[in-house]
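Every number in this text was worked out from the coordinates using simple rules, so none of it is lab data. As the structure is a computational prediction, the values presented were derived from the model and not from experiment. Here Cβ is always computed from backbone atoms with ideal geometry, including for glycine, and neighbour counts include all displayed protein chains.
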Amino acid sequence: MKLPFYKYQGTGNDFVIVDNRQRIFPENDTKLVAKLCDRKFGIGADGLILLENDRSSDFKMVYYNSDGNSSTMCGNGGRCLVAFANFLGIIENKTSFNAIDGLHHATIHDEIVSLQMIDVSEIKIKPNSSFLNTGSPHHVQLVENLKDFAVQKEGAKLRYGLYGEKGSNINFVEQLGDSSFAVRTYERGVEDETLSCGTGVTAVAIAMFKEQKTQKTHVTINTLGGQLEVKFKVNGNYTDVFLIGPAEQVFKGEIEC
């Protein structure tokens with residue numbers, strides 16, 4: 001069949017998005033997902049997202065990693081899907097949608113999407129790092145000279161060696177200022193460094209506050225693909241967590257499946 005698709009990116013984190021409201025996509029075909037995400041033999045993307053109908057919200061988000069397996073929440077993917085829903089006319093400037101980690105609220109204005117992430121109640125502080133779940137599991141570790149850091153090598157080592165087969169995403173962080181940080185992320189499922197990771201950026205902002213590296217609850221994070229913002233409230237837990245940044249359509253097309 002010929003599959004219509006759209007390509008979106010949010011700070012360099014790129015996704016194949018399919019309007020699956022008519023259930024045209026074979027959801028259990030992991031080989032097809034991996035092929036579509038392949039940068040040599042397919043369209044090329046960090047992941048694939050299906051937009052589907054949902055009874056209790058505007059739409060449903062179904063996310064797959066580039067290896068073809070279904071995955072946990074993707075923050076940048078969620079922001080891109082909001083932009084896609086706006087493009088389709090499903091929503092205007094405000095929306096609520098369901099994802100694997102529950103209901104999300106979001107707004108979009110001039111390609112800037114503000115996406116509410118899940119509340120965070122637990123952060124595990126390790127000797128040289130933190131671990132928390134922001135919709136996906138994240139290891140957060142401060143390093144020096146981030147620009148030259150061996151992210152792929154050290155990320156893979158921690159992803160498998162410290163967290164086992166199930167794994168965790170690995171974030172290496174350098175502080176830039178009072179409320180600004182740089183991050184490079186090794187993503188499980190992609191099994192490589194990506195230009196940006198939304199749930200990772202969210203985890204970094206909260207972890208840096210928890211570790212008292214910043215006293216600000218509105219933090220700027222620089223990724224290799226661009227700049228994102230995270231804001232939150234602290235009242236015992238971390239609530240009203242928002243991931244804010246650009247999301248844009250790159251191109252659309254059809255591919256033979």
Choice from Ala205, Ala150, Ala45 with maximal GNM fluctuation in the chain (Cα, 10 Å cutoff): Ala150
Local electrostatic count, Gly68, Cβ distance below 13 Å [Lys/Arg +1, Asp/Glu -1]: -4
Computed lengthening from Glu248 to Glu111, 0.36 nm per intervening residue step minus Cα-Cα distance: 48.7 nm
Cleavage-rule hits (trypsin sites (Lys or Arg not before Pro)) in region 163-251: DSSP loop, at most 11 neighbouring Cβ within 10 angstrom: Lys166
Distance between modelled label sites at Glu256 and Lys126, nm, 7 Å Cα→Cβ extension: 4.7
Glu191-Lys40 pseudo-label distance in nm [points 7 Å out on the Cα-to-Cβ vector]: 1.3
Linear extension gain, Lys94 paired with Val143, 0.36 nm per residue minus alpha-carbon span: 13.8 nm
